[in-house]
Amino acid sequence: MSSTAFYSFILFFIWKSPLPKTLKILLSIPCIIMILSVLISRVYLGVHYISDVTAGLCLSICYVLLITAFYSNIKNYFI
């Protein structure tokens, strides 16, 4: 869950940056690969069931959406 949230935050900051769209896409691909590889490896190694991994993915996405919404409001308020 923490690695999914971490790489999702990196994706958020990549897409909020003033980089060209092609560079944003190129930088997003490794983050997405890392998220998927961690999720798949958890199930493959038998550490978690697929339902656990899915719940962790959903929780980390909710966490990232909450924090990024808070970040956007704070940024707009102070800047």
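The values are calculated or read from the model by the stated rules, or taken from the named source; none is laboratory data. The structure presented is a predicted model; accordingly, all values stated were derived computationally and were not measured. Here the Cβ positions follow ideal geometry from the backbone for every residue, glycine too, while neighbour counts run over all protein chains shown. To get the accessible areas, we keep the full protein, side chains included, count just its heavy atoms, and leave off ligands, DNA and RNA. Shrake-Rupley method; radii C 1.70, N 1.55, O 1.52, S 1.80 Å.
Residue 67 falls short on exactly one of the conditions (1) out of contact with any Ser or Thr (no Cβ under 8 Å at 6 or more places or on another chain); (2) modelled with pLDDT of 95 or more; (3) not acidic (Asp, Glu), and that condition is (2). Within the stretch 1-48, the set of residues being open to solvent by less than 70 Å² (accessible area, probe 1.4 Å), more than 24 Å from residue 72 (Cβ to Cβ) and touching a helix residue (DSSP H, G or I) at 6+ places or on another chain (Cβ under 7 Å) comprises 38, 39, 43. Take the stretch 61-79 and flag every residue that is touching a Phe, Trp or Tyr at 6+ places or on another chain (Cβ under 9 Å) and within 14 Å of residue 3 (Cα to Cα). Passing the criteria: only 64. For the chain, the helices (runs of 4 or more DSSP H) that sit wholly inside it and include 2 or more residues that are of a type in the set (Lys, Arg) are 21-44.
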